[in-house]
1. For the range 441-446, just list the computed ³J(HN,Hα) in residue order, Karplus coefficients 6.51, -1.76 and 1.60, θ = phi - 60°, integers in Hz, with x standing in for Gly and Pro.
2. Given 0.36 nm per residue, what is the gain on full extension from Gln284 to Arg371 after removing their alpha carbon distance, in nm?
3. Quick one: Kirkwood hydrodynamic radius for the range 124-232, alpha-carbon pairs, angstrom, one decimal?
4. Can you give me the % of accessible surface on the range 220-373 that is carbon or sulfur? Probe 1.4 Å, all protein chains present, nothing else counted.
5. Quickly rank 318-329, 232-243 as a protection proxy: mean count of other C-beta atoms within 10 Å, highest first.
6. Please compute the contact order of the range 323-411 in relative form: average sequence separation of alpha-carbon pairs under 8 Å and at least six residues apart, divided by the residue count, as a percent.
7. Provide the per-residue ³J(HN,Hα) series for the range 242-247, in order, calculated from phi with Karplus coefficients 6.51, -1.76, 1.60 and θ = phi - 60°, each as a whole number of Hz, with x at glycine and proline positions.
8. Keeping all protein chains in the complex and leaving out DNA, RNA and ligands, what accessible area do you get for Glu194 with a 1.4 Å probe, in Å² to the nearest 10?
Amino acid sequence: MPLFIFSRNRAFRWCSLLLRRFEAYYHTSHDAPPRFAPKTRSHPNRSHPSSDLFQNPTPMEFRKSNFEPSTVLETLNCYGNDWKRGLEFFNWSESQLGCPHSTETYNRMIDILGKFFEFDIAWSLIRRMGKDSSFVPNHTTFRVLFKRYVSAHLVNEAIDIFGRLDEYNLKDEISFSIFIDALCEYGHVTEAEEICFQKNRGNEYNGVFAGFNVETTKIYNMVMRGWLKTEWWSKCRHYWHEMDKRGVKKDLFSYTIYMDVQCKCGKPWKAVSLYKEMKKKEIQPDVVAYNTVIQAAGKLEGADMAVRVYRDMIEQGCNPSVVTFNTILKLLSENGRYREARRMLGVMTRWGCEPNVMTYNCFFSCLEKPREILKLFDQMIERGIRPRIDTYVMLMRKFGRWGFLRPVITVWRKMEEMGESPDEFAYNALIDALIQKGLVDMARKYDQEMYDKGLSAKRRAHLWENVDGEPFIAADDMTCNDEDFKTLEQLL
């Protein structure tokens, strides 16, 4: 077995063990069924499984060294869409198992809390960090906070937080760049413009942003990239030319961003021209710039031209990345050239670029046979590649659109077995597939489960109406269990 597969499987094993131990604890303390139970073929009797993983937890059976912060962090990622259980796992792993936390695990928990607007609890964790000298809030901590506040459109609150960074000795150019980047990343580029380029900017916002240098290539690149994400192409052009007017030097990242602008606004030939301009100015493209040019060439003249740019990249001594191969794989798959795409997988490995989840997503998005997709899906997991939540959502939507319910249920069950916490898109994909097949009662249960978790459900007024048009009254217990799935499998 290749070393990378072995190491991935080993990480999965420890993560799975810790996850199941916590679910057993949660089951005994909350009188709720474990979310991630073993497969039926392993334990036919679900109520009394033979595995000791589902007995009452005895933390001292574990060696502390087995569960390092990296294992806790990987397990915590499984609760990215369930902050209550995630927070309980976070506290349990430290108090019950004695697993040491790190700044990274704190930052991840703060990120999960911020996703659900639980900012008061997030701040309590930051204060908790400050009491222990072994891990203190760092730039990453506030990068997470800025990201969550700005994505929630709480810009004024984020500005107040920036003003408080003196308390943590973090009010510096790095934090300023992080803050501007968060504004540009999440659609508040107008506010970033005001903070950076407004007249008398030093007197605005109570002088919070006074003294920071904004006439830098890095700031201009961030703002230009922000307008790229909003697809406001004229603004991108404005800042591209403004850099020349103000004497701000364009670097490799400036060209890479603007090539991406030209590619995405439907002018790939201009991206290729910028690539040639870079070479004339002796700005050596890196792998990211080459990836953009490969994408542009593929859009302009097809996969063969993209492969030519890839070969030129190799000749120039620039080693390809996983993204390089994923871009070419996607172009080949979209053209139905699956045999060549599969050969490219072998080339990836020879270059030391192991396939990742995006590699397989390229195939999943283009394949058209459910059995073929599920076979490749199983192969991906066997290689130790953990599917992302968007992978599950893409597959469930695809199968649902084709009218196949069994594969939808298969993917959903696999998501639970892998310990992934479904988000609103996963729930909506499953509910849509159930409604399409007339399984309204089960769809209602999942819709209610979404509501209980605080996730946003699609508007489905007809789902909560009886045949006669009267409102449907939900029962006290509206959660799906294994019996529901057994009934569903019989129907299928």
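1. 4, 5, 4, 4, 4, 5
2. On the way: separation 87, 0.36 × 87 = 31.32 nm, distance 4.50 nm.
Difference between extended and current length: 26.8 nm.
3. Working: mean 1/r = 0.0695 Å⁻¹.
By the Kirkwood definition, the hydrodynamic radius is 14.4 Å.
4. With neighbouring chains kept in place, the figure for the range 220-373 is 49 percent.
5. Values: 318-329: 21.1, 232-243: 16.7.
Packing order, densest peptide first, comes out as 318-329, 232-243.
6. Values: 57 pairs, mean separation 20.7, N = 89.
Dividing the mean separation by the residue count of the range 323-411 yields 23 percent.
7. Once θ is set to phi - 60°, the couplings for the range 242-247 become 4, 4, 5, 4, 8, x Hz.
8. 80 Å²
The values are calculated or read from the model by the stated rules, or taken from the named source; none is laboratory data. Keep in mind it's a predicted model, so treat the numbers as computed, not measured. Here Cβ is always computed from backbone atoms with ideal geometry, including for glycine, and neighbour counts include all displayed protein chains. All accessible areas refer to the heavy atoms of the entire protein, side chains included, with ligands and DNA or RNA removed. Shrake-Rupley method; radii C 1.70, N 1.55, O 1.52, S 1.80 Å.
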